[in-house]
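These notes are about the structure you will find just below.
The values are calculated or read from the model by the stated rules, or taken from the named source; none is laboratory data. Everything quoted here is computed from the prediction, not taken from an experiment. All Cβ positions, even for glycine, are placed from backbone atoms using ideal geometry, and neighbour counts span all protein chains on display. Please note that ligands, DNA and RNA were not included when accessible areas were found on the heavy atoms of the full protein model with its side chains. Shrake-Rupley method; radii C 1.70, N 1.55, O 1.52, S 1.80 Å.
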Amino acid sequence: MEQCQGPNKNIYVLLTNTGTLFTRLIKAFTGAPYNHASLAFDAELNEVYSFGRKNPNSPLLAGFVRENVYDGVYRSHPGTSCTLLRLSVTDKQYSQIKQFVSNLAQNKDDYRYNLLGVISILLKVDYNPRYAYFCSQFVAEALNGGGRELWERPSRTVTPDDFRQHIEMEAVYEGLLYDYPLLDEHKVRWALANRIKPAKAATVAME
């Protein structure tokens, strides 16, 4: 599970199923085991990015986020299942992907969560708004920004399950997120002991 030595590095794609209402609705359409995708720059999942909820109890407040696997929606759903995928990239690609994410982070207030894009995939309708991403679209676009294109089609058509099925993606772990052996045990115990209780008024749970 450690990063490769030598000229190549690794990028990770974390696919998760939190069991929120939103993921259950999406799963009802896709049948896929995981319906949220995040981009990670290290095997320990210390630097993870995606498009999703900014607050576990504010489902309508969504956009670009640096995810903390010990907090937020993951702390409120400690039974989250996941698979961690590894992709080999060159040093230059790794740097370019990080730069893409950094540039987006600097302008994060200009971007929003592309909910209609998720719906358009389910309905097989082409929808391409500016300054909006859903989770897997963001991950694919970030890889494209580093010259690591995995598909010859627009990133807005890429789903989380497309990563799971891609021949170049190597699965290095599958199971409960908090059982992943490279996580910080102390932080996991803290998260489990201080679980966030979802707000009763929340009727829709974005990723």
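Computed quantities for the displayed model
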| quantity | calculated |
| --- | --- |
| Test: residue in the stretch 148-159 that is at pLDDT below 95 and aliphatic (A, V, I, L, M) | no |
| Among (1) under 20 Å from N144 (Cβ atoms); (2) touching a residue at least 12 places away in the same chain (Cβ under 8 Å); (3) open to solvent by 50 Å² or more (accessible area, probe 1.4 Å) - the single one F29 does not satisfy | (1) |
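Residues are listed down the side, and each one gets a yes or a no for (1) open to solvent by less than 20 Å² (accessible area, probe 1.4 Å); (2) in a loop (DSSP other than H, G, I, E, B); (3) touching a helix residue (DSSP H, G or I) at 6+ places or on another chain (Cβ under 9 Å):
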| residue | (1), (2), (3) |
| --- | --- |
| T16 | yes, no, yes |
| T23 | yes, no, no |
| L39 | yes, no, yes |
| L45 | yes, yes, yes |
| G52 | yes, no, yes |
